[in-house]
Amino acid sequence: MLLAGVAAAAQSVAHSPVIELQNGAFRVNGWAAPRSEPRGGWGALFLVYAGAGKVPPLVGAYAVESGALVFHPRYPITAGVHYHAVFRMPSGATIANDFDGPARATNPLARVEQVYPTAAVLPSNLLRLYIVFSSPMSQGEAASHIHVEDDKGKVLPDELLPGQELWDPLFRRLTMTFDPGRIKRGLTSNQTIGPAITEGRHYRLVIDRDWPDARGVPMVQGFARSFVGGPADRTPPDTAQWRVTAPASGTTKALVVDFPGPMNYSLLLRMIQVTRGQAKVAGRISLERHEAEWLFTPDTPWQTGDYQLAIDTGIEDLAGNHIGTAFDIDIFEKVSKTIERKSLAIPFTIR
Amino acid sequence: MIKGPAFRRAALAAVAVSAVAILAIADNPSNLTDSLKAGKLQLKSAGALAFGPDGVLFVGDSLGGSVAAIDTNDHTAPKGAASINVDGLDAKIAAMVGVPADQIVVNDMKVNPLSKNVYLSVSRGKGPDAQPLIVKVDTSGAVSNLSLDNVKFAQVSLVDAPAANPAARQDPRTTTITDMNYVSGNLLVAGMSNEEWNSALRSIPVPFKNAEPGATLQIWHDSHGRYETQSPVRTFVPYTIAGQAYVLAAYTCTPLVRIPVSDLKAGAKVKGQTIADLGAGNQPLDMVPYKKGGKDYILVANTAFGLLKVQADHLETYPTIDSPTKNPGTAGMPFEKITSVANVKQLAQLDLSNAVVLTATSGPGPAYAPGPPVGPMNLKTIVLP
């Protein structure tokens, strides 16, 4: 026993241990780790730091693999991080080694693919904008990188609602809301500052190139689009004014629904369905005429007979009015017992 | 000498506190952690936080469309008054999880009312692949990562079942959970949709039952004058007004609205009343109700206005604001700006007379939404003003 111990000690002197980074794990090579964890845990012997100053050690798990002590970080080796690994030998001497994660990416990839609504004239009570990017973006940057300018290029403050960025799960579509305080009638900001968009005025929406994508790299290029303020829209959408053009039987031509004006882009993709009897008809939705036209191309040819458009009454126009209810309603009196998620049906016939 | 009335008041306050405690216990006869099961909790994101009884931490997962209840197993009261001060907290968290400090986003902060340890929900990264973290800062200032690999938890989904067609594009809908509070046996969850404007407040019975997502409530409030709106709640606190339980909610367009808890029933449409307006071009972040010198206050943290100390006595006497004020920010409950603490990004109650704040120099954006903070995030204990 004693001899073996001496032999092991001699060996560790002969080959001083070295800390290596192998396959994303920090490994103490050249030191025969005991099978069982020492008093105080492996952390009493071996710690990895990923920051300067008085910081907690990197979180992760220890293992003894092929006789070597290995630290597996909880999170993978990351670009832009400097790692400092320290091993304290039972003799009290310490050895250390430093490693760098890969360099941070610098190649721009992201651009703005589209901003909805796409129309050149937008109602003065426009509620929401949807900005679609080609790549996942960084959160928390919207307010610094989206600007609304007047016709002289002056940035208008307080146009968009502060805080709370609303992303899709892929961080490719951001929903921005104009300050509803400036849209709703009777609110202080509407009375004192005026609406966010004034009818007849020219504006420019500007998105800065230096908005970092999810990797922290600025976009390929910025984005700008001009628009003109139109009249406020306080009329809830009315399906009686929608024009449905049914294609011929046996074709896969698009069913076309025309609205009197542009509708909310994201809800058009979700809140209108084509049904036949109880079954949903499979197909593809596209939008034309600046979101004032909804097209549905079926996967299989239309058959002669009766179909329906099933419309969720929550569908909104550009000002947040939805079927049956304006965005800011005049006195709320009718209290219904349940929250209704109504749907309306527009029948059409394929001949 | 000083002992006389002051001592009696203190004793009365103690009685009042224990009465509240008894009520809270009566709501949950068994320990809430008994309802939780051990396992690996998988979150897609960690956002709004709220503490319930027995050291149970509720975590809102906006990207996962769910809420989790976690047993923090952290029930020991601190020895003496807690005071937590940690400079450069973002750098410490970043080092702990191996990421540059600019990739740390703190989403919410709450104090465990039992242990007074501070809990933060954090994103490791800023894109869709960001990993959610629950970080604990104990009363000695030690920073640790609450491992979710083997915890007692329960989870409830807030969303409809995913699309049956697996080939369908990923559903772009999300409901961002803006705030949560545990109110007498229910978790109230305020959310904001990235598609529809209208959003509901959800009331989920605790302990969570199966996949029961709770009742949704539509809250309408008088905006000023005759127009009424249904808007997403940004932040809210439970509040007692004239012996009745209310929720005080701050909306995205900055009015403070009182809503009777008794109205918050399944399937209800609820009408709230605007009793204050903190002004335009500002975002309320957190609210902490407290008592000082026998008077009630609410400390409100804001993006543009900083800390506001709002007088909150006799809220039953405030009429519904029914006409726009000429001078924005002076309507309803009076308030004063607290200038001794600046750049507050998170605010949470520590005890009856102290709060913790997370401060950081604001980013380059406009005052109401300055963007990611520049420079270190510092955790400080402040005396409630």
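Of note:
- Where only DSSP H runs of four or more residues are counted, chain A gives -2000 deg cm²/dmol as its mean residue ellipticity at 222 nm, each run worth -39500 (n - 2.57).
- Each residue of the range A:202-210 was assigned a 3J(HN,Hα) from its phi angle through the Karplus curve 6.51 cos²θ - 1.76 cosθ + 1.60 (θ = phi - 60°); the sequence is 9, 9, 9, 8, 10, 10, 6, 5, 7 Hz, with glycine and proline shown as x.
- The simple Förster model, with R0 at 25 Å and r as the Cβ-Cβ distance, assigns B:D171 and A:R351 a FRET efficiency of 0.10.
- A DSSP coil position with no more than 14 other Cβ atoms inside 10 Å describes the following trypsin sites (Lys or Arg not before Pro) in the range B:65-113: B:K79.
- Considered as an equivalent ellipsoid built on the Cα gyration tensor, the range B:39-114 has semi-axes of 22, 21, 11 Å, the largest given first.
- Cα-based convex hull, chain A, per residue volume (Å³, whole number): 257
- Cβ-Cβ FRET estimate between A:K54 and B:K79, R0 fixed at 35 Å, reported to 0.05: 0.90
- Cα-centred dipole magnitude for the range B:80-196, charges only on beta-carbon of K, R (+1) and D, E (-1), debye, nearest 20: 300
- Pair A:V121, B:V374: separation of 7 Å Cα→Cβ label points (nm): 4.2
- Separation of the range B:31-77 from the range A:273-315 is 42 Å, based on Cα centroids.
- 5 Å binning of all Cα-Cα separations within the range B:74-145, expressed as whole percents from 0 upward: 3, 17, 28, 23, 14, 9, 5, 1, 0
- The GNM of chain A, with springs linking C-alpha atoms under 10 angstrom apart, assigns the highest mean-square fluctuation among A:R243, A:R27, A:R289 to A:R27.
- For the peptide B:86-97, the mean number of other protein chain Cβ atoms found within 10 angstrom of a residue's Cβ is 5.
- Per residue solvent-accessible surface (Å²) - chain A, probe of 1.4 Å: 48
- Listed residues B:K345, B:K37, A:K154, B:K292 arranged by accessible area, highest first, probe 1.4 Å: B:K37, A:K154, B:K292, B:K345
- For A:R128, the amide hydrogen comes within under 5 Å of the amide hydrogens of A:F178, counting only partners 5 or more places away or on other chains and with H modelled in the peptide plane.
- Here the calculated FRET efficiency for B:S30 and B:Q311, from their Cβ-Cβ distance with R0 = 41 Å, stands at 0.55, rounded to the nearest 0.05.
- Heavy-atom accessible surface of the range A:95-153: percent carbon and sulfur, 1.4 Å: 50
- The charge dipole of the range B:38-140, taken about its Cα centre with unit charges on the Cβ atoms of Lys, Arg (+1), Asp and Glu (-1) only, comes to about 60 debye.
- Set B:K37/B:K116; B:K40/B:K79; A:K54/B:K37; B:K295/B:K337; A:K342/B:K271 screened for pairs whose C-alpha atoms are more than 26 Å apart: B:K40/B:K79; A:K54/B:K37
- Take the accessible area of A alone and of B alone, subtract that of the pair with a 1.4 Å probe, and the total buried over both chains is about 6200 Å².
- All-pairs alpha carbon distance profile, the range B:37-165, 10 Å steps from 0, percent: 12, 42, 34, 9, 2, 0
- Axis of helix A:2-14 versus longest Cα principal axis of chain A: the two differ by about 70°, to the nearest ten degrees.
The values are calculated or read from the model by the stated rules, or taken from the named source; none is laboratory data. Predicted model, so just to flag it, every value in this text is computed and none were measured. Ideal geometry is used to build each Cβ from the backbone, glycine not excepted, and the neighbour counts take in all protein chains shown. Just so you know, the surface numbers come from the protein's heavy atoms only, side chains and all, with ligands and any DNA or RNA stripped out. Shrake-Rupley method; radii C 1.70, N 1.55, O 1.52, S 1.80 Å.
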